Structure formats: structure tokens, C-alpha cells
Amino acid sequence: MTDTRVLVMMDAVEGWARRLLRGVNEIALERGWPLLLYSPRADLSGLLREWAPSAVIVGPRQPLPLPAELSGRLVVGANADLSSEHLPWVGVDDRAVAELAADHLLSKGLQHFASF
């Protein structure tokens, strides 16, 4: 068990968000990290003070700029471009996915196709 605590600030209504949360949960369980899903109705200041997460994962619906209370913590955007906050983020490269799909379909001899 480590002292690492992970706060997830993400609306888990959409399917991709639930799958991402499931993956984060699996990693947290493997490493013994407590994981907490933040509800926008909760008092963020109090939560950060009392629960003291060492890492925060921010979803795409979190308004920018991020709350000042998050400064000094490891913050990573998940499918949320946080470059304006000078923070790291991960997401799907839709252009690369489309190019891979097109290359594959063209290599199969298709001349008319669509990718979804």
C-alpha cells in the first residue's frame, strides 16, 4: 500500500468515460491506490484538504481554468486538452486512426469506403 491517492474529476455518464474509469480502477487496485470519483456537487476545497489526493485525472467537461486548489498536484487530462493550463493530457489521435483505417481499406483494394 502506498500513500498515492487518485482523484478522478470526470463525468462517468458516457461509455468511454466508464471504460476509462474501469481501467484506472484496475491499475489503482493493482497498486493499492485509493481512488475517488469526484462529484461536481461536492466541496472541492474541503475534499482536497481532507482527502489530500496526490494525483488528479481531469475529464473533458471540467471547465478551464482549473481550480487554483489543484495547483501543486500531479494533474493529467484524460481526453481533455489541458495544454492551455501547461499540463499533460492524453487522448485519441482521430487523424491517425482515420489514416490507419483508410490505409487498411485501400490495401484491401477498396476504392469507396467510409470509416466510422
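Cβ separations smaller than 9 Å between residues 6+ apart or across chains give the following pairs from segment 44-59 residues that are farther than 19 Å from residue 25 by Cα and of a type outside the set (Gly, Ala, Ser) to residues that are open to solvent by less than 10 Å² (accessible area, probe 1.4 Å) and in a helix (DSSP H, G or I): 44/70; 48/70. Within segment 50-73, if we keep just the residues that are in a strand (DSSP E or B) and within 15 Å of residue 39 (Cα to Cα), the residue that is most open to solvent (accessible area, probe 1.4 Å) turns out to be 57. Only a single criterion out of (1) surrounded by 14 or more Cβ atoms within 10 Å (Cβ to Cβ); (2) aliphatic (A, V, I, L, M); (3) within 19 Å of the chain's Cα centre (by Cα) is not satisfied by residue 47, namely (3). Taking segment 34-44 as the range and being open to solvent by 60 Å² or more (accessible area, probe 1.4 Å) and over 23 Å from residue 91 (Cα atoms) as the test, the residues that pass are 41, 43. Checking every residue in segment 7-28 against the condition of being touching a residue at least 12 places away in the same chain (Cβ under 8 Å), over 25 Å from residue 92 (Cα atoms) and open to solvent by 40 Å² or more (accessible area, probe 1.4 Å) gives zero matches.
Under the condition of being modelled with pLDDT under 90, surrounded by 10 or more Cβ atoms within 10 Å (Cβ to Cβ) and not hydroxyl-bearing (Ser, Thr, Tyr), the residues counted in segment 102-116 number 1.
The values are calculated or read from the model by the stated rules, or taken from the named source; none is laboratory data. Since we're looking at a predicted model, the values are computed, not measured. Ideal geometry is used to build each Cβ from the backbone, glycine not excepted, and the neighbour counts take in all protein chains shown. Ligands, DNA and RNA are excluded from the accessible area calculation, which covers all protein heavy atoms including side chains. Shrake-Rupley method; radii C 1.70, N 1.55, O 1.52, S 1.80 Å.
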